[in-house]
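What follows is a set of notes on a single structure, which appears directly below.
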Amino acid sequence: MASTKRRYDKEEFARRGDEVYEMQVRPHLRGDDQGKFAAVDIESGAYEIDEDELEACDKLSARVPDAQIGLVRVGSRYVHRFGGREERGMS
């Protein structure tokens, strides 16, 4: 997949991505989409859902060749988490 140059600064990219996800993607999600990746073109509103993040982006790029792709993990505030988590009851 060829790299597409970002046309917006980080803040505008994030704002548009959040807006498109909330308005155009989230209402169409099903329960079995939980934990999957949503690749969203922040300009057209086109999106693809897949269990694999690269596959979601590749599918979207095939449909919208110059897409400005934002990535969201359905049901999570994070695409990826870094670092460990302390287990409950452990000190």
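Multiply the residue separation of S76 and E12 by 0.36 nm, subtract the distance between their alpha-carbon atoms, and state the gained length in nm to one decimal.
Working: separation 64, 0.36 × 64 = 23.04 nm, distance 2.08 nm.
So the extension gain works out to 21.0 nm.
Place the peptides 66-73, 7-14, 53-60 in order of packing, highest mean first, counting for every residue the other Cβ atoms within 10 Å and averaging per peptide.
Numbers: 66-73: 18.8, 7-14: 11.4, 53-60: 17.0.
The densest-packed peptide leads the list: 66-73, 53-60, 7-14.
In sequence order, what are the phi-derived ³J(HN,Hα) couplings for the stretch 50-55 according to the Karplus relation 6.51 cos²θ - 1.76 cosθ + 1.60 with θ = phi - 60°, rounded to whole Hz, with x for glycine and proline?
Computed from phi, the couplings for the stretch 50-55 are 7, 5, 10, 5, 5, 5 Hz.
Can you give me the long-range amide H partners of K36? Hydrogens built in the peptide plane at 1.01 Å from N, cutoff under 5 Å, separation of 5 or more residues or another chain.
V74
Which whole-Hz ³J(HN,Hα) couplings does the stretch 36-41 yield from phi under the Karplus relation 6.51 cos²θ - 1.76 cosθ + 1.60, θ = phi - 60°, glycine and proline marked x?
So the Karplus estimates, Gly and Pro as x, are 7, 9, 10, 8, 10, 7 Hz.
How much net charge surrounds Y8 when only the other residues with a Cβ under 10 Å from the Cβ of Y8 are counted, with Lys and Arg +1 and Asp and Glu -1? Please report the intermediate quantities before stating the final value.
Working: positive: R6, R7, K10, R15, R16; negative: D9, E11, E12, E43.
Residues close to Y8 contribute a combined charge of +1.
Counting pairs of alpha carbon atoms under 8 Å apart in space and at least six apart in sequence, what relative contact order in percent does the stretch 11-73 give? Please list the in-between numbers first.
Numbers: 89 pairs, mean separation 21.4, N = 63.
Value for the stretch 11-73: 34 percent.
Throughout, read-outs are computed from the coordinates displayed, never taken from laboratory work. Computed from a predicted structure; not experimentally measured. In this analysis, Cβ positions are derived from the backbone assuming ideal geometry, glycine residues included, and neighbour counts consider all displayed protein chains.
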